[in-house]
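Just below is one structure, and these are the notes that go with it.
The values are calculated or read from the model by the stated rules, or taken from the named source; none is laboratory data. In this text, all values refer to a predicted model and were calculated from it rather than measured experimentally. Here the Cβ positions follow ideal geometry from the backbone for every residue, glycine too, while neighbour counts run over all protein chains shown. The protein model used for the area step is the full one, side chains on, heavy atoms only, and it has no ligands, DNA or RNA in it. Shrake-Rupley method; radii C 1.70, N 1.55, O 1.52, S 1.80 Å.
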Amino acid sequence: MKKKKALITGITGQDGSYLAEQLLVKNYEVFGLERRASVKNRANIANIESSIKFISGDLTDQHSITRAISDVHPDEVYNLAAQSFVKESWSQPEYTGNVTGLGVLRVLEAIRQVDHAIKFYQASSSEMYGKVTETPQTENTPFYPRSPYGVAKLYAHWITVNYRESYGIFAVSGILFNHESERRGIEFVTRKISDGVARIKLGLAKELRLGNLDAKRDWGYAPEYTEAMWLMMQQEIPEDFVIATGETSSVKDFVKAAFSCAGLEWEKYVVIDEAFKRPAEVDMLIGDPAKAKKKLGWETKVKLSELVRKMVDSDIKRLSR
């Protein structure tokens, strides 16, 4: 039986690396779109690097995207690449819009030109809800983004819907709520917390500086969320899905759990720093995964306490080396 081919953008990131592992287990031929760089960062895929075929391309360059999709001619394209750091989107709004927003248009346009039969997955974000108009958030909740990142993701989301309805492309968006893991980038608050706790535990730091501890998020475990991406692509009819735990916790809750894992009292080490607060805050996000559970048979199993433990233990082990 001929292997299915999948092309993943953002393959070296948290989600891309887990998805690549899962697709290889499912006997896919996996291709990774990779920007040219003097130093390649493949740490997240070091264990499977030899099994991946890399192809050069950049979401800001239409020609390179079209060439990549034409050369690979994949059965499925998973777009996980983006300028994905919300705080950074305030200092680089144009770049964020170009990559996170228009980059999706370029991939869809390449699929339209090469082969309408290629399936497309877009990584949408709960940040599109922003200043939420209802709780919990569903597939039908109105969007109200509160950052250049959220606005760019919203453009990407709607252009995906537009190409699905206009050209008959199997194009889906997973509206993923916050999902973390040991592979989360160090610039994200959850990994900043687990790394900071590990450093304090090992005597490498004396404090952890954070912004808004009252913000509430719906946190899940990344490998479960990438499995949901694949399930969405296997449906007969392309639809968008909220992927979430349905439970919410504050940043303070995450902090308490992380320090507890290391046997430390968080109040002794955490310093509130206004520099880490957003110009426009998203106060609370909590997703309703009912549709995903009903139609995909998907639901989360890893609870927040276990997720935090995995991250803290991993960072302590890494820094102990």
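Which numbered condition trips up Arg209, out of (1) among the charged types (D, E, K, R); (2) within 30 Å of Leu105 (Cβ to Cβ); (3) open to solvent by 60 Å² or more (accessible area, probe 1.4 Å)?
Only one criterion in (1) among the charged types (D, E, K, R); (2) within 30 Å of Leu105 (Cβ to Cβ); (3) open to solvent by 60 Å² or more (accessible area, probe 1.4 Å) is unmet by Arg209, namely (2).
Is there any pair linking a residue in region 200-224 that is without any contact (Cβ under 8 Å) to a residue 12 or more places away in the chain to one that is surrounded by fewer than 20 Cβ atoms within 10 Å (Cβ to Cβ) and basic (Lys, Arg), with Cβ under 7 Å and at least six apart or on different chains, and which?
As it stands, the answer is Ala205/Arg199, since those pairs meet every condition given.
Tell me yes or no: at least one residue of region 61-71 is touching a residue at least 24 places away in the same chain (Cβ under 8 Å) and closer than 14 Å to Thr12 by Cβ.
No, that holds for no residue.
Regarding region 263-286, can at least one residue be identified that is open to solvent by 40 Å² or more (accessible area, probe 1.4 Å), within 22 Å of Asp15 (Cα to Cα) and part of a loop (DSSP other than H, G, I, E, B)?
Within region 263-286, none of the residues are open to solvent by 40 Å² or more (accessible area, probe 1.4 Å), within 22 Å of Asp15 (Cα to Cα) and part of a loop (DSSP other than H, G, I, E, B).
Does region 226-234 contain at least one residue that is assigned to a loop (DSSP other than H, G, I, E, B) and open to solvent by 30 Å² or more (accessible area, probe 1.4 Å)?
Yes, because at least one residue in region 226-234 is assigned to a loop (DSSP other than H, G, I, E, B) and open to solvent by 30 Å² or more (accessible area, probe 1.4 Å).
Here's a check for you: in region 167-203, which residue that is open to solvent by less than 60 Å² (accessible area, probe 1.4 Å) and hydroxyl-bearing (Ser, Thr, Tyr) is farthest from the chain's Cα centre (by Cα)?
The selected residue is Ser194.
When region 235-253 is examined, which residues are found to be of a type outside the set (Gly, Ala, Ser) and part of a loop (DSSP other than H, G, I, E, B)?
Hits for region 235-253 are Gln235, Glu236, Ile237, Pro238, Glu239, Asp240, Thr245, Glu247, Thr248.
Filter region 288-321 for residues that are in contact (Cβ under 8 Å) with a residue 12 or more places away in the chain, farther than 22 Å from Val255 by Cβ and not in a helix (DSSP H, G or I); which is farthest from the chain's Cα centre (by Cα)?
Gly297
Name, by its number, the condition in (1) within 19 Å of Thr12 (Cβ to Cβ); (2) open to solvent by 40 Å² or more (accessible area, probe 1.4 Å) that does not hold for Gln92.
Going through the list (1) within 19 Å of Thr12 (Cβ to Cβ); (2) open to solvent by 40 Å² or more (accessible area, probe 1.4 Å), Gln92 breaks only (1).
Within region 198-221, is there a residue that is more than 25 Å from Val132 (Cβ to Cβ) and polar (S, T, N, Q)?
There is no residue in region 198-221 that is more than 25 Å from Val132 (Cβ to Cβ) and polar (S, T, N, Q).
Please state which one of Ser70, Ser64, Ser17, Ser84 is among the small types (Gly, Ala, Ser), at pLDDT 95 or above and either open to solvent by 20 Å² or more (accessible area, probe 1.4 Å) or assigned to a loop (DSSP other than H, G, I, E, B) (or both).
Ser70
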